[in-house]
Amino acid sequence: MWEYSEKVQEHFFNPRNAGAVSDANGTGEVGSISCGDALRLTLKVDPHSDVILDAGFQTFGCGSAIASSSALTEMVKGMTLDEALQVSNQDIADFLDGLPPEKMHCSVMGREALEAAIADYRGEVWQDDHEEGALICKCFAVDEVMIEKAIRDNGLRSVAEITNYTKAGGGCSACHEGIEEILARVLGEAPVAEAAPLPEVASMPAPGGMTNLQRIRRIETVLESLRPMLQRDHGDVELVDVVDKTIYVNMLGACTGCQMAAMTLNGIQQQLCDALGELVRVVPASQMPKMVRG
């Protein structure tokens, strides 16, 4: 299981500036829900001083994505646009007292959204690196330009590091050879040693080869650990059913219809993925197929 700093947990459970700024004059959208992460950043900029007066975010992603977005909005408020453009993805991670290496792509997404929002305010066209070059990783729609930029900006030296920062290569691993060629070209070195294929997350066995009953008990343990946090805000969650890799839950109390409900579900989903060692979906019980309910 990944180690999260107290600041990451704080910004995940109590995100700052969640939601869109109502009178924003700069908007940046990056990522894709189909690829697992998406972020929309809105800024309110003083047109006379170019100072960022307010910032808000809407994100679809894991706990680290929510924490990184929350941290970014706190960091840039009060900065001029030129000062904000000096904020790097590493600055975002440092603000949070570090991110797990596997989650550094969340801070990269925040940096890209900031660039896009500032370009929008200035009336410029922000070029999305994901669409400039040849597609390398089909699983996560990452092209060679984005990989090259990540290598140069962050001093990456291995395929594993590139995966951590861009997600490229984190699926079927068929693109590892292409990633290695880009890495070798950028570093001006001989081709790096072939990396061992990464396992497909979706097919990774549960820890210790758990039985279905043990798996359900593990899910209930995770939900129980999250319950105090939800109850503190007058909400709750209950397990309804587990069907293969889909976990159906009911959000109760203040969590019902809350504008942050989707983020809460994403957070629960991430915790369960970590605990089970497999990719699962957490879905409201109201979306259960009728044949399952019956």
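If E124 passes every condition in (1) out of contact with any strand residue (DSSP E or B) (no Cβ under 7 Å at 6 or more places or on another chain); (2) in a helix (DSSP H, G or I) but one, which one does it miss?
(2)
So, of the residues in the stretch 51-72 that are polar (S, T, N, Q), part of a helix (DSSP H, G or I) and touching a strand residue (DSSP E or B) at 6+ places or on another chain (Cβ under 8 Å), which turns out to be nearest to E6 (Cα to Cα)?
The selected residue is S70.
Quick check on P205: is it at pLDDT below 80, touching a helix residue (DSSP H, G or I) at 6+ places or on another chain (Cβ under 9 Å) and surrounded by fewer than 16 Cβ atoms within 10 Å (Cβ to Cβ)?
No: the conditions fail for P205.
Take T27 and decide whether it is touching a strand residue (DSSP E or B) at 6+ places or on another chain (Cβ under 7 Å), among the β-branched types (V, I, T), closer than 21 Å to T166 by Cα and in a strand (DSSP E or B).
No.
Applying the selection to the stretch 73-83, what residues are outside any loop (DSSP other than H, G, I, E, B) and over 19 Å from Q58 (Cα atoms)?
T80, L81, D82, E83 - these are the residues of the stretch 73-83 that are outside any loop (DSSP other than H, G, I, E, B) and over 19 Å from Q58 (Cα atoms).
Filter the stretch 276-294 down to the residues that are surrounded by fewer than 18 Cβ atoms within 10 Å (Cβ to Cβ) and at pLDDT 80 or above and list them by number.
Answer for the stretch 276-294, where residues must be surrounded by fewer than 18 Cβ atoms within 10 Å (Cβ to Cβ) and at pLDDT 80 or above: R281, V283, P284, A285, S286, Q287, M288.
Inspect the stretch 57-71 for any residue being under 29 Å from D233 (Cβ atoms) and over 18 Å from the mean Cα position of the chain (by Cα) and give the result as yes or no.
There is no residue in the stretch 57-71 that is under 29 Å from D233 (Cβ atoms) and over 18 Å from the mean Cα position of the chain (by Cα).
Scanning the stretch 108-126 for residues that are without any contact (Cβ under 8 Å) to a residue 40 or more places away in the chain and not small (G, A, S), which turns out surrounded by the most Cβ atoms within 10 Å (Cβ to Cβ)?
By that ranking, first place goes to R111.
State yes or no: is A38 assigned to a strand (DSSP E or B), modelled with pLDDT under 95, in the same structural domain as A117 (by TED's automatic domain parsing) and not charged (D, E, K, R)?
Yes: the conditions hold for A38.
Give G169, G133 a once-over and let me know the one that is touching a helix residue (DSSP H, G or I) at 6+ places or on another chain (Cβ under 8 Å), modelled with pLDDT under 80, more than 19 Å from G28 (Cβ to Cβ) and not assigned by TED's automatic domain parsing to the domain that holds F57.
Selected residue: G133, the only one of G169, G133 that is touching a helix residue (DSSP H, G or I) at 6+ places or on another chain (Cβ under 8 Å), modelled with pLDDT under 80, more than 19 Å from G28 (Cβ to Cβ) and not assigned by TED's automatic domain parsing to the domain that holds F57.
The values are calculated or read from the model by the stated rules, or taken from the named source; none is laboratory data. Computed from a predicted model, the values in this text were never measured in an experiment. Every residue, glycine among them, receives a Cβ derived from its backbone with ideal geometry; neighbour counts consider all protein chains shown.
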